[in-house]
1. With bins 10 Å wide starting at 0, give me the P(r) of the chain over every alpha carbon pair, in whole percents.
2. With the crude spin-label approximation of a point 7 Å out along Cα→Cβ, what separation in nm comes out for LEU73 versus LEU100?
3. Find how much the distance from ALA84 to ARG37 grows on full extension, using 0.36 nm per residue of separation minus their present alpha carbon separation; answer in nm with one decimal.
4. In nanometres, what is the gap between the two model label sites at ALA48 and SER5, each 7 Å from Cα along Cα-to-Cβ?
5. What FRET efficiency, computed as 1/(1 + (r/R0)^6) with R0 = 22 Å and r the Cβ-Cβ distance, is obtained for VAL60 and ALA13, rounded to the nearest 0.05?
6. By Kyte-Doolittle mean hydropathy of at least 1.6 and Cα axial length of at least 18 Å, which whole DSSP H helices of the chain are selected?
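Please treat every number below as a calculation from the coordinates, not as lab data. This is a predicted model, so every value here is computed, not measured. Note that we place each Cβ from the backbone using ideal geometry, even for glycine, and neighbour counts take in every protein chain shown.
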Amino acid sequence: MRPTSYFGIAVSARYFEPKAASLVMLALALSWWRGSRTDLAQVSKTLASNPLILSTLAGVLFNLTGLSMPAPLMNTRDILGRAALGLGLICVGKGLVFSLR
């Protein structure tokens, strides 16, 4: 997946309704596997090794346990979470190359 894909996901999540943003994300996933033969094992292996999916699953599992995080850790998480999208877009922007051929 190219870094510009993350930019596309962020923009679609911000400016489109949830159904349209979901379609953009699905199109990105399908374009990843276009032109190659895939099977369920390959897709599962790719998803199981994706750090974004693993961290999301960890968060869901932690939420299901009913435990709560200590207040200082919660405050730190909130601060980092508010900065994450902006920092991610800055990183993606740094990787963009504009050139005329």
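1. Binned Cα distances yield the sequence 12, 30, 38, 17, 3, 0.
2. It is 5.4 nm.
3. Values: separation 47, 0.36 × 47 = 16.92 nm, distance 3.47 nm.
Between ALA84 and ARG37, full extension yields 13.5 nm more.
4. So the label points at ALA48 and SER5 sit 2.0 nm apart.
5. Numbers: r = 19 Å, r/R0 = 0.84.
It comes to 0.75.
6. Numbers: long enough: 3-15 (19 Å, 0.28); 18-32 (21 Å, 1.37); 51-65 (21 Å, 1.64); 71-95 (36 Å, 0.71).
Span-like helices in the chain: 51-65.
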